[in-house]
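Below is one structure, written out as structure tokens, with a few remarks after it.
The values are calculated or read from the model by the stated rules, or taken from the named source; none is laboratory data. Remember, predicted model here, so these are calculated numbers, not experimental data. Quick reminder, even Gly has a Cβ in these numbers, built from the backbone with ideal geometry, and neighbours come from all protein chains shown.
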Amino acid sequence: MGILIKRFASKLVLVIVLAFAFSLCLSSYAEAITLIPPSLEIGLKPGKVYSSEIKLYNETASPVELYTEKTAFTAQGETGKPDFDFDADTEIGLVSWIDIEAGPIVVQPGQRYYVPLAINAPLDADPGGHYATIFFSTNPPEEGQVKISSKVGTLVFANVDGEVTEQVKIVEFDTSGGKGSFNRLPVEFFTRIQNSGNVHLKPTGSIVITNILGKESGSVDFNSTKGAILPDTTRRFDSMWEKSVVVEKSGNIWSNFWNEYSNEKNNFGFGQYKAEISITAGTNDSVTDNSSVAFWIIPWRMIVVWGLVVVIAVILVVALLKRYNAWIIKKSSNK
């Protein structure tokens, strides 16, 4: 019985090792295939065919065999990451409009392969945004089967002509964690923007920070990477107002105090500040919105250190004045 268990365990380990090696091999395919473009933004006219191509480049020393797969995607929570729905009906929506070579597509070592792409929006296509992904996989998609494969894909953002609504608004703008005070920079902000229109939008703008006197102390570009918000979704964006690199060191309480003192000095701020965000989006930046938040920066370690320096200096001056006065009085009495 013990021998059988050992043999079974040995075979199980071998299967796990082979499966792991196989998955690494498949992953190397994905890393070795360059796909251009990674995303495609297009305008569609009902009843008209849009034509383009996707370029595949094989960076390996061996031929790579690929198959295509089409699937719809939506937004994953408020992260902005795509959420692929592999179980969605491929006979409706943008997925069904896409015509592309199914495969196998063989890309020779060091060679490029141009895959023709055609998208035909029907006459009754709903105006606004439609979204799909074209994947290139090392295994053919087979219904009802689960297979290990690596995929690379192109995100397709399509806007169908017609009556579209462009509408975004800032639903929340605050410091990270809702903190009202900091001891130094950086100060992190988050912005939640809701898209209640029927097309995806890429809001851009800036966050301007002013001090208590209304003077500008800094500014931060908002959504410089041009992240998109899909229709009927809310997306969170994180931003940071910073000056110098913060040095993180671990040690005892004393060394940590002086390290943080140095960080406060290099990333100095003092008093109340207001951060105001202004965004624009849509055709000709016609959609606008703004919001603001107030916060304090109190570098307490610097206040403690320099407060002690001032107190010690005052004590020394008072002591010297007393000694000087005593010397004057003594000198006068000796005359």
task = Return a yes/no flag: does the range 284-294 have any residue that is surrounded by fewer than 14 Cβ atoms within 10 Å (Cβ to Cβ), free of Cβ contacts under 8 Å to residues at least 40 places away in the same chain, of a type outside the set (A, V, I, L, M) and more than 30 Å from I229 (Cα to Cα).
result = no
- With respect to S224, determine if the residue is loosely packed, with under 14 Cβ neighbours inside 10 Å, over 23 Å from G77 (Cα atoms), modelled with pLDDT under 95 and not charged (D, E, K, R). no
Cβ pairs under 7 Å, 6+ apart or interchain, first in the range 196-213 and surrounded by fewer than 19 Cβ atoms within 10 Å (Cβ to Cβ), second among the β-branched types (V, I, T), ordered by first then second residue, are T204/I279; T204/T280; S206/V220
Scanning the range 41-61 residue by residue, those polar (S, T, N, Q), modelled with pLDDT of 90 or more and surrounded by 12 or more Cβ atoms within 10 Å (Cβ to Cβ) turn out to be S52, N58
Within the range 169-189, residues among the polar types (S, T, N, Q) and over 17 Å from V245 (Cβ atoms) come out as T175, S176, S181
Requested in this report: Determine whether E248 is farther than 17 Å from A294 by Cα and either surrounded by fewer than 19 Cβ atoms within 10 Å (Cβ to Cβ) or at pLDDT below 95 (or both).
Outcome: yes
Here, strands (runs of 3 or more DSSP E) confined to the range 38-112 with at least 3 residues that are without any contact (Cβ under 8 Å) to a residue 60 or more places away in the chain and more than 26 Å from the chain's Cα centre (by Cα) are 98-100
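Taking only the range 264-295 into account, find how many residues are more than 30 Å from E166 (Cα to Cα) and hydroxyl-bearing (S, T, Y).
1
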Selection from the range 156-172 of residues in contact with an Asp or Glu (Cβ under 9 Å, 6 or more places away or on another chain) and outside any loop (DSSP other than H, G, I, E, B) yields V156, F157, A158, N159, V160, V168, K169, I170
Contact list, first residue from the range 229-244 and surrounded by fewer than 18 Cβ atoms within 10 Å (Cβ to Cβ), second anywhere and in a strand (DSSP E or B), beta-carbon distance below 6 Å, six or more apart or interchain, is R236/F190; R236/R192; D238/F190; M240/E188
Does any residue of the range 238-259 turn out to be over 30 Å from A228 (Cα atoms), charged (D, E, K, R) and assigned to a helix (DSSP H, G or I)? no
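Which of the residues belonging to the range 220-272 are within 19 Å of the chain's Cα centre (by Cα) and under 24 Å from S181 (Cβ atoms)?
Selection gives V220, F222, R236, F237, D238, S239, M240, W241, E242.
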